[in-house]
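Report on one structure; see the data block that follows.
The values are calculated or read from the model by the stated rules, or taken from the named source; none is laboratory data. All values reported here derive from a predicted model rather than from experimental measurement. Here the Cβ is made from the backbone with ideal geometry for all residues, glycine too, and neighbour counts use every protein chain on show. Protein only, heavy atoms only, side chains kept; ligands, DNA and RNA dropped before computing areas. Shrake-Rupley method; radii C 1.70, N 1.55, O 1.52, S 1.80 Å.
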Amino acid sequence: MAPTAYVQPIVDSTSVFKEDLFKGKVLFCTGGGSGICRGMTEAMMRHGANATIVGRKIERLQQTAKELSAATGQECLPAQADVRQPASLKEAVAKTIEKFGRIDFVICGAAGNFLAPISGLSENAFKTVLEIDTMGTYNTIKATIQHVRASKGAYIHVSATFHHNGTPYQAHVSAAKAGVDALSAVLAVEEGPHGVRSNVIAPGPIDGTEGMDRLAPKGIDTAQLHGGYPVGRQGDIKDIANATVFLFSNAASYITGQVLPVDGGSEHLRHQF
Ligand code: HXC
């Protein structure tokens, strides 16, 4: 089997999962134009799924879709939508059904983040992040649930570990991601009887992502910033991609309503910015 590359810079990674694991399946991923969610989408496509990637910037989505299709041989549909706008999400879902006929898996990954102390955070700044992360997740669930029920599929929500402790300068994101975790748990309980699973992946510090660029001040040793990494290295997108493939696979068929930190153990150390 050829080496599996999840994103351009990670050319030497290999997958331990079956190549055709998701053959005939369809993924709908918000935030899939870049970063972690792009890597998660690539992993699913490398294992046979077709995918729709959703985001605000159509040029970036089109470019990513082209690259992912070329890298995996699967189809990728770029669909412009703002997760804060339910109508635009519904349109992206309709385009997906028109093109692929089904939705098996959903990644709620669109997110907003920046560093700001609670005393300096404007009401609009706080609200904006809640609207993107929490309302955006709710809107995505609403827009997709009937199709995921029909396919007895699964959701993965991309959260964080910030709210597991009190992380300075992350009040907005902590509140938003706590809401995301709660939505996932309720979804798991309500939709379990319909054959739908819902889990959360909580990434730790992941190298080469916009999130890290935003949160790690330039010139600062990130290992020191996060109090070190128990496994001895920073995470990369491949780590999140592998967790995604596992959680969407039947190997995880008895796992639902859970939060899986993928952080090399670093949530057990205090976050320090
Ligand atoms: C304080 C800020 C700010 C900052 C924006 N605001 N940036 N406040 N510090 N750095 C305030 C604005 O002043 C405004 O409030 C309000 O937030 C809304 O800003 P807009 O720019 O009008 O909103 P919008 O264009 O919708 O942009 C949303 C955004 C932006 C969240 C602010 O950053 C964005 O689009 N981000 C998407 C990409 C992203 O964040 N990726 C990282 C996610 S990854 P006022 O009061 O002035 O009106 C991640 C995981 C990290 O989070 C995990 C690593 C360990």
*For segment 74-95, what are the residues that are away from the ligand (no atom under 13 Å from the Cβ), touching a helix residue (DSSP H, G or I) at 6+ places or on another chain (Cβ under 8 Å) and not in a strand (DSSP E or B)?*
74, 75, 81, 86, 89, 90, 92, 93
*Specify the residue that is farthest from residue 56 (Cα to Cα); the eligible residues are those in segment 109-120 that are over 13 Å from the mean Cα position of the chain (by Cα) and within 6 Å of the ligand (Cβ to nearest atom).*
116
*Quick one: residue 106 ticks every box in (1) within 16 Å of the ligand (Cβ to nearest atom); (2) under 25 Å from residue 172 (Cβ atoms) bar one, so which box is it?*
(1)
*Within segment 130-153, is even one residue open to solvent by less than 20 Å² (accessible area, probe 1.4 Å), at pLDDT below 95 and in contact with a helix residue (DSSP H, G or I) (Cβ under 9 Å, 6 or more places away or on another chain)?*
no
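Among 66, 95, which is more than 26 Å from residue 207 (Cα to Cα) and either buried (at least 20 other Cβ atoms within 10 Å of the Cβ) or over 19 Å from the mean Cα position of the chain (by Cα) (or both)? Write out each step before concluding.
Numbers: 66 fails: more than 26 Å from residue 207 (Cα to Cα).
Every option except 95 fails the conditions.
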*Search segment 241-261 for residues that are touching a residue at least 24 places away in the same chain (Cβ under 8 Å) and farther than 20 Å from residue 34 by Cα and pair each with any residue that is assigned to a helix (DSSP H, G or I) and open to solvent by 50 Å² or more (accessible area, probe 1.4 Å) when their beta-carbon atoms are under 6 Å apart and the residues are at least 6 apart or on different chains.*
252/246
*Taking the residues in segment 36-52 that are of a type outside the set (Gly, Ala, Ser) and within 15 Å of the ligand (Cβ to nearest atom) as candidates, determine which candidate is nearest to residue 110 (Cα to Cα).*
37
*Working only within segment 181-219, note down all residues that are within 24 Å of residue 165 (Cα to Cα), open to solvent by 30 Å² or more (accessible area, probe 1.4 Å) and more than 16 Å from the ligand (Cβ to nearest atom).*
182, 183, 185, 186
_Long-range neighbours under 9 Å by Cβ, at least six apart or interchain, first residue touching a residue at least 60 places away in the same chain (Cβ under 8 Å) and over 24 Å from residue 40 (Cβ atoms) within segment 106-130, second among the polar types (S, T, N, Q) and more than 6 Å from the ligand (Cβ to nearest atom)_ = 115/170
*Which of the residues spanning segment 138-180 are in contact with a His (Cβ under 6 Å, 6 or more places away or on another chain) and either of a type in the set (Lys, Arg) or part of a helix (DSSP H, G or I) (or both)?*
149, 174, 177, 178, 180
